[in-house]
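In what follows, a structure is listed as structure tokens, so that the remarks can point back to it.
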Amino acid sequence: MEQQKIIIIALIVIIAALLVGMVAMMPNLTKKESNLNFKGNSTIAEGGSLKVKLTDDSGNPIVGQTVNVTITDKNKANSYYTVETNDEGVGTLKLEKDTGKYTVTVKYDGNNDFKGCNATKKITIKEKVEEAQQSSSSSSSSTPSAYAYKSDGTPMYSQAEVDQYMANKYGMVNYHVGSNGYIDMDEPGYDDAGHPLWY
């Protein structure tokens, strides 16, 4: 009799444990799947932004959710960030990293309606093209502006060089730039090339 009681109690405990486990698992069974996808190219300009999109299984955006972002550099050092998804399900992180290669891992922990998910991508941060252009522009601005041009459009002389040459050689500055980009003389007694007509 005593042994039967022990068996019954053991069965009750097992059944209770199973019921508790099933109740605990029920929310996960009813939760929908979620997906994280990176937007944009793998190469990002320095100072640019990283974008990820959180959606359900049907591609509908999941709005107002926190996504954890881990960025790992070549030395295996991690930087941690969080972004919140907007009305389109997109979370945006402005990258304040040096140029180089990085591994980005994004993770969504889920909520009462959706299961969690994660994604990983390798990115390369490159120097801004505009900076190189600005540097080239600023260096060229320090040189004299071109006044005459060769037929291929490249500068022949600067204004200062032309003025100096004409003043030294002819003692005059009566000239103009022809349609072909070369210097034409306007001084009486000289041809367009600057040669005296009396020779």
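The values are calculated or read from the model by the stated rules, or taken from the named source; none is laboratory data. Quantities reported herein were computed from a predicted structural model and do not represent experimental measurements. Using ideal geometry, Cβ is built from the backbone for each residue, glycine included, and neighbour counts are taken over all protein chains shown.
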- All positions within segment 86-116 that are in contact with a Phe, Trp or Tyr (Cβ under 9 Å, 6 or more places away or on another chain) and under 14 Å from Phe38 (Cβ atoms): Leu93, Leu95, Val104, Val106, Tyr108
- Looking at Tyr102, Tyr108, which one is surrounded by 17 or more Cβ atoms within 10 Å (Cβ to Cβ) and under 18 Å from Ser58 (Cα atoms)? Tyr108
- Query: Just wondering, is there one or more residues in segment 34-47 that are more than 23 Å from the chain's Cα centre (by Cα) and modelled with pLDDT of 90 or more?
  - Reply: yes
